[in-house]
Amino acid sequence: MIVVIGELNVDLIVSGTDVMPEWNREKLVDSFALALGSSSAITACALAGLGCEVQMVSVVGADQFGDYCLEQLRSKGVQTDYITRNPNLQTGVTLSLSTPKDRGLLTYMGSINAVAPEHLPAELLAQARHVHFGSFYLQDGMREHWSGVFQAVRQHGATTSFDTGWDVRNQWHREQIHALIADTDLFIPSEDELLHIYNVDSLEQVWGLLPDNRLGVAVKRGARGAVWSSGPSKELLAVNAFDIVPIDTTGAGDSFNAGIIYGYMAGMRDAELLQFANACGALATLAIGGVGRVSSVQDVELFRSTHALR
Ligand SMILES: Nc1ncnc2c1ncn2[C@@H]1O[C@H](COP(=O)(O)OP(=O)(O)OP(=O)(O)O)[C@@H](O)[C@H]1O
Ligand SMILES: [Mg+2]
């Protein structure tokens, strides 16, 4: 079983070629959708789509958006036994302004940062083969505790992974991330996030700064694909992205995470692993919302065999 510990929120996605608001004006946009948001939740759904048994640990409000998050998770096959309803909190919301090229996000925190160690029963962690969390920077209640959790689960043979997401407060917590990487089998940031964490201009400068005892680091680079650096060998491996025309890139990174986790647990390594994850990321861009299209292993294999790389 895979345990995903993380935030939950809904995404309100406004998409089109021009979604930039102008003060004191009204504009029409091409489309609008309500979707399950949250990096952790989208990765959980993508893992369930790939056939994994997934338990999500989270907190939502006792409101309609909380109901919606639970329904969505269940409909994608994610187990919700460890999701707490807190009547004193509103479920978090992200407003996403999305163009075919990029997107901007406005987030109301609500219950997003409410997960804390008290929500993590030891007996659940003892059953996990893998533990993942997304959104390092949004999960305020867990920030001090990740190393302890990861060390404990690795002691009984489980593997670990995390994604940082963007730091809304622009602090980047380099020392904490740097230390946590040593307890993390699969660290999966985007290139932009990694450059901010290490405060450098290019990936070439990052490799020497990563801890020597690092395990696997998979860096997401959007339409430029992904790079892998594994601790023991320190060799770099870059794989191009698939040549596709994305519809909405929401959740590409989170689906890529699921591809890396699933692939790694299934024994894939190196180029095969990166290509599998790139295909998961690319497939997620072909529908609106992070879980608009949840792919099975067969979907991913078919996509890989019928699409060229850039
Ligand atoms: N335009 C694209 N064309 C082809 N593949 C893409 C494209 N955008 C994303 N992907 C695939 O999805 C992976 C993850 O996307 P990306 O690098 O945008 O993650 P991210 O920055 O974490 O995104 P987010 O957190 O917004 O989902 C990429 O490494 C790539 O394989
Ligand atoms: Mg991301």
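Since every read-out is calculated from the coordinates, none of them should be taken as a lab result. Owing to the predicted nature of the structure, the values given are computational and were not obtained by experimental measurement. Positions of Cβ are backbone-derived with ideal geometry, glycine not excepted, and every protein chain shown enters the neighbour counts.
At 0.36 nm per residue, minus the direct Cα-Cα distance, what do Ser233 and Ala152 gain on full extension? Give it in nm, one decimal, please. Mind dumping the intermediate values first?
Numbers: separation 81, 0.36 × 81 = 29.16 nm, distance 2.55 nm.
Full extension of this stretch gives 26.6 nm more.
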Practice task
Determine the dipole magnitude for the stretch 192-302: charges of +1 sit on the beta-carbon of Lys and Arg, -1 on that of Asp and Glu, nothing else is charged, the reference point is the Cα centre, and the result goes in debye to the nearest 20.
Solution key: 100
Practice task
Can you tell me the dipole magnitude for the stretch 96-244 around its Cα centre, using point charges on the Cβ only (Lys, Arg +1; Asp, Glu -1), in Debye to the nearest 20?
Solution key: 200
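Once the other residues with Cβ under 11 Å from the Cβ of Ala287 are scored (Lys, Arg +1; Asp, Glu -1), what is the net sum?
Values: positive: Arg293; negative: Asp248.
Once positives and negatives cancel, what remains is 0.
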Completion exercise
Once both label points are put 7 Å beyond Cα along the C-beta direction, the Met1-Glu71 separation in nm becomes 2.6
Fill in the blank from the handout: Within the set Phe276, Phe32, Phe136, GNM on the chain using Cα springs under 10 Å gives the largest fluctuation to Phe32
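Give a quick list of trypsin sites (Lys or Arg not before Pro) in the stretch 117-211 that DSSP marks as loop, anything other than H, G, I, E or B, with at most 12 other Cβ atoms within 10 Å. All intermediate terms of the calculation are to be shown ahead of the outcome.
Values: sites: Arg129, Arg143, Arg154, Arg169, Arg174; in loops: Arg129, Arg143, Arg169.
Filter output for the stretch 117-211: Arg169.
Where in the stretch 1-97 are there trypsin sites (Lys or Arg not before Pro) that are in a DSSP coil and have at most 13 other Cβ atoms within 10 angstrom of their Cβ? Please report the intermediate quantities before stating the final value.
On the way: sites: Arg25, Lys27, Arg74, Lys76, Arg85; in loops: Arg25, Lys27, Lys76.
In loop regions of the stretch 1-97 (DSSP not H, G, I, E or B), the sparsely surrounded trypsin sites (Lys or Arg not before Pro) are Arg25, Lys27.
Express in nm, to one decimal, how much length is gained between Ala182 and Asn88 on full extension, taking 0.36 nm for each residue of separation and deducting their alpha carbon distance.
Numbers: separation 94, 0.36 × 94 = 33.84 nm, distance 3.66 nm.
Fully extending the segment from Ala182 to Asn88 adds 30.2 nm.
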Fill in the blank from the handout: Filtered hits (lysines, Cα-Cα < 22 Å from Lys27, offset >= 8 within chain) -> Lys101
Problem - Volume in Å³ per residue [convex hull over Cα atoms, computed for the chain] - result: 130
Completion exercise
Ranking Leu50, Val168, Leu124 by how far each Cα lies towards the positive end of the charge dipole of the chain (+1 on Lys and Arg Cβ, -1 on Asp and Glu Cβ), the top one is Leu50
